[in-house]
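Q: Below you'll find the structure I mean.
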Amino acid sequence: MDIIFGIILPVFGTLGLGYVAARFGVFDEAANRGLSLFVFNFALPLMLFRAIAQADLPAAMPWGYLLSYYLGAFGVYALTMAGARILFGRKLQEQAVLGLGGAFSNTGMLGIPLVMTAYGADAALPLFVMIACHSLLMLPPTTALIEAAQGAREGLGPMLVKLTKSVLGTPIIWGLSCGLAFALLGIELPGPLDAVAKGLGSAATPCALFALGASLTRYSLGGNLREPALLVALKTVLHPLLVWLLATQVFEVPPLWVATGVLLAALPAGITPYLFAQRYGVCQSTVASAVFLSTLVSVATLSALLFVLRP
């Protein structure tokens, strides 16, 4: 009951409220854009900065954590591509977009609030490690596959430079990096800075969830649902299962890191795959349906995982 009333209802209730508010026009697109900018540029970076700055860093990096997550992620990516080709006859650029849709988690809008609500500040470090690597590891292969399929309009080198600049310009990465610097140097947060970070950071979780709920009104179920159903099954069921098996049976990963990695793997598809689908003009309906459907399904799958992985 503590998990239901302390985590599940607050998280998905806030998300649902944002969806209803946007659906009925009480919270319009301009308002949601402003709220999303506040969340990503200020609230989330400050929340993570404060949590990392006050964290007890491990003596050694649990590399098994990263290997467990990303071997699982790229395994799902490859299976999605294979399924798209064999079952639906998709071309390479379409397979790449669908592969990203099956493996790329919604870490920002849902993952950070959910994990921090479930496991508290102790989970900030595993979150930092995952967020710092997520886009850098998942997006270049997707871009390379699509560009190769479309004639390589942009070389891999310039694409990597552009992606690195984009990641380094992300406020969340700066918040995490500055927090890590404070922790490594043993610098105690000054009182005024701590108060500002705590005050604005406390708004991160509800605002991020509300904004995510409102943004879901852009997506809907449409067309043939067999492809979206495949993506949802691989993303919300197989991905966390693979991560759990690797983290517990192959590598030695601390329990909190296992729980964080599995929960992040079970997240619904992020919005980034849809942006790729839009940019390259492929599989837009399928990916939009997968984003919407996986978010609905994750209410049940994440709730079950929170019971199994409760601290």
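Q: Checking the structure you have, find out if any residue of the range 77-100 is in contact with a Pro (Cβ under 9 Å, 6 or more places away or on another chain), of a type outside the set (Val, Ile, Thr) and open to solvent by 60 Å² or more (accessible area, probe 1.4 Å). Don't jump to the end; show me each part of the working.
A: If we filter the range 77-100 for residues that are in contact with a Pro (Cβ under 9 Å, 6 or more places away or on another chain), which is where we start, we get 77, 96-100.
From the residues that got through so far, the ones that are of a type outside the set (Val, Ile, Thr) too are 77, 96, 98-100.
With open to solvent by 60 Å² or more (accessible area, probe 1.4 Å) added as a condition, the list becomes none.
Within the range 77-100 (the criterion being in contact with a Pro (Cβ under 9 Å, 6 or more places away or on another chain), of a type outside the set (Val, Ile, Thr) and open to solvent by 60 Å² or more (accessible area, probe 1.4 Å)), the answer is no, since none of the residues qualifies.
Q: Let me spell it out: the conditions are (1) part of a helix (DSSP H, G or I); (2) in contact (Cβ under 8 Å) with a residue 12 or more places away in the chain; (3) open to solvent by 70 Å² or more (accessible area, probe 1.4 Å), and MET61 meets all of them except one. Which number is the exception?
A: All conditions pass for MET61, except number (1).
Q: Restricting to the range 54-73, name every residue that is modelled with pLDDT under 90 and among the aromatic types (Phe, Trp, Tyr).
A: Step one: list which residues in the range 54-73 are modelled with pLDDT under 90, which gives 54-63.
Listed by number, the list holds a single entry, TRP63.
A quick yes/no check of all residues on (1) at pLDDT below 85; (2) surrounded by 22 or more Cβ atoms within 10 Å (Cβ to Cβ); (3) assigned to a helix (DSSP H, G or I); (4) at negative phi:
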| site | (1), (2), (3), (4) |
| --- | --- |
| PHE5 | yes, no, yes, yes |
| LEU9 | yes, no, yes, yes |
| LEU17 | no, no, yes, yes |
| VAL20 | no, no, yes, yes |
| PHE27 | no, no, no, yes |
| PHE40 | yes, no, yes, yes |
| LEU44 | yes, yes, yes, yes |
| PHE49 | no, yes, yes, yes |
| ILE52 | yes, yes, yes, yes |
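Q: Those residues that are out of contact with any Ser or Thr (no Cβ under 9 Å at 6 or more places or on another chain) and over 17 Å from THR107 (Cα atoms), I need them from the range 261-284; list them, please.
A: GLN278, ARG279, TYR280, GLY281, VAL282, CYS283, GLN284
Q: I've got another one for you. For the list (1) more than 18 Å from the chain's Cα centre (by Cα); (2) without any contact (Cβ under 8 Å) to a residue 24 or more places away in the chain, I need the number of the one condition that LEU37 fails.
A: Tallying (1) more than 18 Å from the chain's Cα centre (by Cα); (2) without any contact (Cβ under 8 Å) to a residue 24 or more places away in the chain, LEU37 fails exactly one: (1).
Q: Could you please give the count of residues in the range 67-76 that are open to solvent by less than 30 Å² (accessible area, probe 1.4 Å) and over 17 Å from VAL237 (Cβ atoms)?
A: Applying the first criterion (open to solvent by less than 30 Å² (accessible area, probe 1.4 Å)) to the range 67-76 yields 68-70, 72-73, 75-76.
Applying the additional criterion that residues be over 17 Å from VAL237 (Cβ atoms) yields 70.
Counting residues in the range 67-76 that are open to solvent by less than 30 Å² (accessible area, probe 1.4 Å) and over 17 Å from VAL237 (Cβ atoms) gives 1.
Q: Can you tell me which residues in the range 133-149 are surrounded by 17 or more Cβ atoms within 10 Å (Cβ to Cβ) and small (Gly, Ala, Ser)? Outline the logic, then answer.
A: We begin by selecting, within the range 133-149, every residue surrounded by 17 or more Cβ atoms within 10 Å (Cβ to Cβ); these are 134-135, 138-139, 142-147.
Of everything in the range 133-149, those that are surrounded by 17 or more Cβ atoms within 10 Å (Cβ to Cβ) and small (Gly, Ala, Ser) turn out to be SER135, ALA144.
Q: Check off (1) of a type in the set (Phe, Trp, Tyr); (2) closer than 26 Å to ALA149 by Cβ; (3) within 19 Å of the chain's Cα centre (by Cα) for PHE292 and give me the number that stays unchecked.
A: Going through the list (1) of a type in the set (Phe, Trp, Tyr); (2) closer than 26 Å to ALA149 by Cβ; (3) within 19 Å of the chain's Cα centre (by Cα), PHE292 breaks only (2).
Q: Can you tell me how many residues within the range 249-285 are β-branched (Val, Ile, Thr) and under 16 Å from LEU221 (Cα atoms)? Full working, then the answer.
A: Of all residues in the range 249-285, those β-branched (Val, Ile, Thr) come to 250, 253, 258, 260, 262, 271-272, 282.
Narrowing further to those that are under 16 Å from LEU221 (Cα atoms): 271.
Counting residues in the range 249-285 that are β-branched (Val, Ile, Thr) and under 16 Å from LEU221 (Cα atoms) gives 1.
Q: Given the criteria closer than 29 Å to LYS91 by Cβ and either more than 15 Å from the chain's Cα centre (by Cα) or among the aliphatic types (A, V, I, L, M) (or both), does LEU245 qualify? Lay out the reasoning, then the answer.
A: Numbers: closer than 29 Å to LYS91 by Cβ: no; either more than 15 Å from the chain's Cα centre (by Cα) or among the aliphatic types (A, V, I, L, M) (or both): yes.
Here the answer is no, as LEU245 does not meet what is asked.
The values are calculated or read from the model by the stated rules, or taken from the named source; none is laboratory data. Every value quoted in this text rests on a predicted model; they were computed, and no experiment measured them. Cβ: placed from backbone, ideal geometry, glycine included. Neighbour counts: every protein chain shown. When the accessible area is computed, the model is the full protein with side chains, heavy atoms only, and any ligands, DNA or RNA have been set aside. Shrake-Rupley method; radii C 1.70, N 1.55, O 1.52, S 1.80 Å.
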